[in-house]
Structures are given as structure tokens and as C-alpha cells.
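Only one structure is covered here, and it is reproduced in the block below.
Readers should treat all values here as calculations from the given coordinates under stated rules, not as data from a laboratory. Nothing here was measured: the structure is a model prediction, and the numbers come from that model. Here the Cβ positions follow ideal geometry from the backbone for every residue, glycine too, while neighbour counts run over all protein chains shown.
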Amino acid sequence: MRETALGLSLLAVVLSGCKVQVDKSSNGDGDNVKIATPFGGISVNKDQTSAAEIGLPAYPGSMLDTGNDGNRSAKVDMGFGSWKLRVKTANYSTADNRDQVLNFYRKALSQYGGVIECAGDKPIGMPVTTGEGLSCNESNNDHGSPHNNYKSGDLQLKAGSPRHQHIVVLHGGSDSATHFSLIALDLPHGFDNEQQGTN
């Protein structure tokens, strides 16, 4: 009984310090959500992230692409004390062929160090890891990475480290357009140790 009262008291303190803000778009959908607690916060914003915010150039002549989920881009920030997770993504399409887009982003990603090419969690060619230790199977983990659901025919270019990744996903498809996603992923401190099983 005493434990229940203590738990309810703690819940009341936590909830009294919470603030939830939902900004609706012109069509009535909740596009932006912010939740603040005494311990940290979460912020989710749709359709506001540009290629420049991700740290990559937009492919010349490409257009923001709503794709299958209806969203052109998203930004998620989570922070609880020193624990921080940031994900930025934007979806684009172009009439140019896949090889042109691949070559453009291979060069653009090189500003973040070595670039690897992956089909799913398998490397294509050499190198198989970046100089900072990022490999093709970094996204194949239990940490809820937003980019771990590649489809058959998808091709990824990756640069950075296991904690700070820049990724370009070229989506396989049957139409003549090239659809691709730009992703910047900043994982919490200690993530690279967890990947190696040392944390």
C-alpha cells in the first residue's frame, strides 16, 4: 500500500512537470510535437528538414518527395540528461539515373571521411568499414535505428562513425525516377561501446 502511494506521488510530480505542445498544419494533422518533462524532452517535426540541415547538398534538379508515407522529411530530437538521440531525414526524387545520384553523393559524403557502399547489411566492394569504424551492419541492431528496414534493391552510401552517421539510401523501384533519402543520425554517448559489447 505504501509503495502504491509512493508510486502515485512520483507519477503526480512527473506529470505536473510535463508540457505537451502539438502544432497542427493547415490540413489539421499534427505535424510538430514537443514533450518536455523535468528529465528531458522529445521533439518531432515533419516536413521541415532540408538537405542542408542534414549536412549534404540537394542533388541538382531533385525535388522533395512525399514517397509512400506522405512525408517529405522529419527531424526527431530526444534528450534526457546527457543521453541524446538526433535523427534528420529528407526524401527526394530526380529524373536522373541511379548511377548519377550515386556518384554525386559518394563525392558529397567524402567530407565526412571514407564512404562505404552497402546492399542491406552487406558491403559492396572495398572498403567494408569507414576509417571511423562504421560498417554496413551498423543499422542492423536493436537500438531502433530509423534506417534498418531496407528493402530489396535499396543501396546505401554511408560515412562517419557508428555514433555520427550520414547516410544516403537509393531506393529500388520500377518507375523511371530515382528516389532517395538523406539521413543524419547522431546516437547517444556509449552507443559504439554497446555495439562492441563493452558497455
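Per residue, the average separation of C-alpha pairs within less than 8 Å and at least 6 apart gives segment 66-136 a relative contact order of 18 percent. Where Lys and Arg each count +1 and Asp and Glu each count -1, what net charge lies around Asn103 among other residues with Cβ under 12 Å from its Cβ? My count for the surroundings of Asn103 gives 0.
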